[in-house]
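These notes are about the structure you will find just below.
The values are calculated or read from the model by the stated rules, or taken from the named source; none is laboratory data. Only a predicted model underlies this, so the values are computations on that prediction, with no experimental measurement involved. Here Cβ is always computed from backbone atoms with ideal geometry, including for glycine, and neighbour counts include all displayed protein chains.
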Amino acid sequence: MSRIAAPRLSRLLTGWAADGGGALPARLAAALADLAERGDVPAGTVLPSQRELAAVLGVSRSTVTAAYALLESDGRLESRRGSGSRLRGAGALDRHVGEGRLASFDTRTAPVDLSSGALPGLRVVTEAFGELGPADLAGPLRTDGYHPHGLPKLREGIAAYYRAAGLPTRAEQILVTTGSQQAVWLIAQALVDPGDTVVVENPTYRGALEALRARGARIVPVGGDRPGAGRAGADVAALRALLGTSVRPRLVYLQPSVHNPTGRTLDSAARGAWTSVLADHGLTSVEDSSCAELTLSDGAPPGPLPSSDFTIGTFSKLFWGGLRIGWIRASAPAVARLAGLKKAVDLACPVLEQLVAVRLLARLPEARAERRAALRDGLATAEEVLRERAPDWEWDRPAGGPALWVRVPGADTESLAQQARRRGVAVVPGSAFSAVDGFRDRVRLPFAHDRAVLAGAVEVLRGIAAHGPRPA
């Protein structure tokens, strides 16, 4: 019989209090029942105590008590003294159980939605779609349109991108994927068996945590993050200490350039240290450079670490979140294996989007300049708003990315996020980015919004944090 941690249950319950009508206990009971029916919380799972769940949801204990009573009266909850409250459900879909780290993508109905760091499309994307014509389509339309490894012209274009960064790459080393999330998932499926140890940074990309945990990995975070740490990022010494034990990681997952969610980029010394430890111990590594093109510095981002076995990239961060074209760079045999696995999920990525991606690669300098200008403006606005409206909050200026990684002193951001949604503001708490549900004093604050929206959202968050929980 397993227990579900309160932070994970909180993530899965995103939107429960803001959506629909009826009294709050009834809405909470319905949301819990729905999780059981979908299998997101398997039948037989022991729920958090009433006090613990009330605290993380930012409601009164009586609200949770009433919700549990409603579930029990409907036969959906079994309470035993000393054993807790065990949820019942259909149990038909509970073989794959997520951790709710991506649940914010399910419900996008908040009036102010700061739950995603994805960016609106650039002008060059509109122009690239508009420029597609009969000449572009003539060749692809003479085939069946299935390219499991990716459109040949796009694979060569991405290979040339790496060659320009100083990393010799052939087209057969590129697998085109449906965004970078599929790339992470494919690598997890191909390389990780249940129980394998995977080393990650702390914090790290929440989608990677979801993919790895779904595969049954034992995730071990190294390093940490704190305001004032600057760009130190992941801790090589922590990995070396781990390697001094009997633990042998199957995989090391890193984001050296424009880290998600902190926005930091490792300096040359840190990059050299990571390259050395990975090479010295023969560790298989995945470098996720999905956000690398969002650097605030002029010029191209740093190239991948020479020791990376798998490098992940995407068009969706720089160009547009809706352009679901990503890739994996690896050895040709590894790409062939991953392509075989991908065919069981989708036979090929959309040809039209790949044709647009080919055009966009040719306009990379223009796209970088346009996006960089917007990010710099957004960052400046966000920092001004925070200094004016929340002067006690803490953050480090990022090297890039679409968001600030903010510490809210004295707050539990799990509860903060739940209460904010009930006030029309959706944010993602820090624990969603931690393998051990840490950083519950952090919140990710995307800044691709105008000043009035950001100021209003910060006012709501600041008010909740300053006055503490307001039980419902």
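Structure summary
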| quantity | calculated |
| --- | --- |
| Subset tally (residues that are under 30 Å from G463 (Cβ atoms) and either crowded, with 17+ Cβ neighbours inside 10 Å or in the same structural domain as D412 (by TED's automatic domain parsing) (or both)) for the range 61-89 | 5 |
| Any hit, the range 280-292, residues being in the same structural domain as V222 (by TED's automatic domain parsing), farther than 20 Å from P168 by Cα, in a loop (DSSP other than H, G, I, E, B) and out of contact with any strand residue (DSSP E or B) (no Cβ under 9 Å at 6 or more places or on another chain) | yes |
| Subset of the range 335-352 [of a type outside the set (D, E, K, R) and not in a helix (DSSP H, G or I)] | A344, V345, L347, A348, C349, P350 |
| Candidates R368, R421, R397 - the one that is part of a helix (DSSP H, G or I) and either surrounded by fewer than 24 Cβ atoms within 10 Å (Cβ to Cβ) or in contact with a His (Cβ under 8 Å, 6 or more places away or on another chain) (or both) | R368 |
| Boolean, L355 is in a helix (DSSP H, G or I), of a type outside the set (F, W, Y) and touching a residue at least 40 places away in the same chain (Cβ under 8 Å) | yes |
| Scan of the range 156-185 for residues that are over 14 Å from S290 (Cβ atoms) and buried (at least 24 other Cβ atoms within 10 Å of the Cβ), ordered by number | I174, L175, V176 |
| Some residue of the range 94-103 being at pLDDT below 85 and not in a loop (DSSP other than H, G, I, E, B) | yes |
| Number of positions in the range 293-322 that are within 17 Å of the chain's Cα centre (by Cα), over 14 Å from G207 (Cβ atoms) and not in a loop (DSSP other than H, G, I, E, B) | 4 |
| Positions within the range 15-34 being out of contact with any Lys or Arg (no Cβ under 7 Å at 6 or more places or on another chain) and at pLDDT below 85, in sequence order | D19, G21, G22, D34 |
| Single unsatisfied condition, M1 versus (1) among the hydrophobic types (A, V, I, L, M, F, W, C); (2) outside any loop (DSSP other than H, G, I, E, B); (3) modelled with pLDDT under 85 | (2) |
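Condition check ((1) buried (at least 19 other Cβ atoms within 10 Å of the Cβ); (2) part of a loop (DSSP other than H, G, I, E, B); (3) small (G, A, S)) across all residues:
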| position | (1), (2), (3) |
| --- | --- |
| V436 | no, yes, no |
| F439 | yes, yes, no |
| V453 | no, no, no |
| G456 | no, no, yes |
| E459 | no, no, no |
| I464 | yes, no, no |
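To keep it simple, each residue is scored yes or no on (1) modelled with pLDDT of 90 or more; (2) more than 30 Å from R363 (Cβ to Cβ); (3) among the acidic types (D, E).
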position	(1), (2), (3)
G207	yes, no, no
V222	no, yes, no
R231	no, no, no
A234	no, yes, no
A237	no, yes, no
S257	yes, no, no
L266	yes, no, no
G303	no, no, no
